[in-house]
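Bear in mind that the values in this text are calculations on the coordinates, not laboratory data. Bear in mind that the values here come from a model prediction, so they are computed numbers and not experimental data. Counting neighbours? That spans all protein chains shown, and the Cβs are built from the backbone with ideal geometry, glycine included.
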Amino acid sequence: MKMKGLDRARELFGSFSFMQFSTLREFRLFEDEGDQGPVYSIEMTMVSQESAMNGMLALKFKDVRKVTLEDFTGVGDRITGFDIREISDRQWEGIAWEVFDYEEKQMHFFAREAEIIEARRT
């Protein structure tokens, strides 16, 4: 399964890792419309501080579950081990994506859908 918007981001940035976008600029958890009623979604904006990358990604995760935030102060936090993994091969009902911080363990959650809703140079 491919993340929506990933091709558009690769056209702009070339090959990149989500770990390169390690500074949190916005984080929003909200109720959203799902196929069978309300679900929770997360929208977050991550910024790269690397001079070669110099950009931002706005991400949306729909139908999020098991959201964990630890030592999380919010906007401006550096999430140095930020990554997104496609896990649909595990065949967990309704879960296709895992979002996590593999270094500091500040953030972890699962989602049914993941999308890059905006990618731009800053």
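A few comments on the model shown:
- Members of the stretch 42-52 that are surrounded by 18 or more Cβ atoms within 10 Å (Cβ to Cβ) and in a loop (DSSP other than H, G, I, E, B): Ser48
- Among the residues of the stretch 4-41, those identified as buried (at least 17 other Cβ atoms within 10 Å of the Cβ) and assigned to a loop (DSSP other than H, G, I, E, B) are Gly5, Phe16, Phe21, Ser22.
- Among the residues of the stretch 47-75, those that are among the charged types (D, E, K, R) and within 12 Å of Leu29 (Cα to Cα) comprise Lys60, Lys62, Asp63, Arg65.
- Of the residues screened, Ser51 is one that is without any contact (Cβ under 8 Å) to a residue 24 or more places away in the chain and more than 14 Å from the chain's Cα centre (by Cα).
- Residue match in the stretch 56-65 (condition: surrounded by fewer than 19 Cβ atoms within 10 Å (Cβ to Cβ) and not in a strand (DSSP E or B)): no
- Any hit, the stretch 84-94, residues being over 23 Å from Lys2 (Cβ atoms) and either among the aliphatic types (A, V, I, L, M) or more than 11 Å from the chain's Cα centre (by Cα) (or both): no
- Here is the figure for the stretch 74-116: residues that are assigned to a strand (DSSP E or B) and in contact with a Phe, Trp or Tyr (Cβ under 9 Å, 6 or more places away or on another chain) total 19.
- Selected residue (only one of Ser48, Ser15 is more than 16 Å from Val99 (Cα to Cα) and in contact with a Ser or Thr (Cβ under 9 Å, 6 or more places away or on another chain)): Ser48
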